[in-house]
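The values are calculated or read from the model by the stated rules, or taken from the named source; none is laboratory data. Quick caveat: nothing in here was measured; it's all calculated off a predicted structure. For neighbour counting, all protein chains shown are included, and Cβ atoms are generated from backbone atoms with ideal geometry for every residue, glycine included.
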Amino acid sequence: MSDAPKWFRNALAMQPEDREIVVRDARVHYLAWGEVGRPGLVFVHGGAAHAHWWSFIGPLFAGEYRVAAIDLTGHGDSGRREAYPREVWAEEVIAVAADAGFDGPPIVVGHSMGGFVTITAAAAFGSKLAGAVVLDSPVRRPDPEVEEGARGKAFRNPKVYADVETAMQHFRTVPEQPSSLPYILDHVGRRSLTEVPEGVTWKFDPRVFRLDTPRTSAEVLRQVGCRIALFRAENGLVTPDIGEYMYELLGRNSPVIEIPEAYHHMMLDQPLLLVTGLRTLFADWEHSIPLSRR
């Protein structure tokens with residue numbers, strides 16, 4: 001980690017609070033930064049990921065916000081369920097928001113599969129949110145982790161490795177991308193592992209990809225009940241035409257923001273551009289009146 005830049009080392013030096021609640025009889029773990037009583041941000045990770053995908057991003061907002069990063073059930077240090085409907089994950093996000101000590105409704109930021117969870121939360125609980133931000137979650141096609149879980153081999157049977165270093169040789173993102181910063185990839189990869197009697201394995205439950213989604217994402221997106229913004233990576237999964245389609249579904253009154261030179265996992269290759277984009281959006285939202293979405 002000595003080769004990591006100062007901003008990254010300073011962010012990790014801000015140790016988060018480890019907090020836990022129970023939602024529908026399952027443990028839900030989350031990280032928190034910043035003072036209780038500030039406006040809230042909730043970060044939601046993608047499929048097979050975990051709260052520490054945000055542990056170098058969240059601290060950068062802790063000077064102005066109370067920040068939480070959730071481990072959705074079936075991920076990270078949260079408990080497991082027999083099934084994982086997005087509606088239940090959305091309830092977990094709202095429960096974390098209620099527990100974290102925010103001043104008023106929070107903004108929820110979700111990436112990839114977590115972006116679809118964010119859309120679901122914004123549709124079902126829009127009145128409890130100050131806004132929603134969806135990061136490279138392509139409506140019109142399955143998110144990449146679910147697609148890989150259904151058809152590929154990466155998530156079907158998580159392997160057990162003798163030790164962490166052996167496991168790290170096999171850590172990769174889905175989809176793979178050429179530009180992830182090595183110090184960030186190492187950080188999130190090592191926190192993706194858990195000890196088992198035979199060695200170490202990945203923390204996620206492979207059943208999280210057997211989603212029960214009675215409504216399509218397009219139908220849910222039309223039902224969003226708070227202001228919402230879409231971020232697309234220049235080299236990501238939300239292509240310009242998909243971004244335009246999502247913009248139409250939202251009544252052409254939600255911003256679509258591109259992160260230049262980023263791939264799908266934009267926090268892994270362009271973290272500071274992502275932070276700058278989010279800060280700019282939040283500053284605008286603080287001084288603007290949202291249009292009604294109902």
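Within the range 178-196, does at least one residue satisfy the condition of being more than 18 Å from the chain's Cα centre (by Cα) and surrounded by 20 or more Cβ atoms within 10 Å (Cβ to Cβ)? For the range 178-196, residues more than 18 Å from the chain's Cα centre (by Cα) and surrounded by 20 or more Cβ atoms within 10 Å (Cβ to Cβ): absent. Within the bounds of the range 46-54, is there any residue that is within 19 Å of LEU281 (Cα to Cα), touching a residue at least 60 places away in the same chain (Cβ under 8 Å) and hydrophobic (A, V, I, L, M, F, W, C)? Checked the range 46-54: at least one residue is within 19 Å of LEU281 (Cα to Cα), touching a residue at least 60 places away in the same chain (Cβ under 8 Å) and hydrophobic (A, V, I, L, M, F, W, C). Yes or no: the range 81-102 includes at least one residue that is closer than 23 Å to ASP269 by Cβ and within 13 Å of the chain's Cα centre (by Cα). There is no residue in the range 81-102 that is closer than 23 Å to ASP269 by Cβ and within 13 Å of the chain's Cα centre (by Cα). Inspect the range 252-272 for any residue being closer than 19 Å to GLU64 by Cβ, surrounded by fewer than 17 Cβ atoms within 10 Å (Cβ to Cβ) and of a type in the set (A, V, I, L, M, F, W, C) and give the result as yes or no. Yes, because at least one residue in the range 252-272 is closer than 19 Å to GLU64 by Cβ, surrounded by fewer than 17 Cβ atoms within 10 Å (Cβ to Cβ) and of a type in the set (A, V, I, L, M, F, W, C).
Candidates ARG80, ARG19, ARG24, ARG9: the one that is among the basic types (Lys, Arg), at pLDDT 95 or above and touching a Gly at 6+ places or on another chain (Cβ under 6 Å) is ARG80. With respect to the stated conditions, HIS265 is touching a Pro at 6+ places or on another chain (Cβ under 9 Å) and either small (Gly, Ala, Ser) or more than 16 Å from VAL117 (Cβ to Cβ) (or both). Only strands (runs of 3 or more DSSP E) whose full extent lies in the range 1-120 are considered here, and the ones with at least 2 residues that are among the small types (Gly, Ala, Ser) are 26-33, 66-70.
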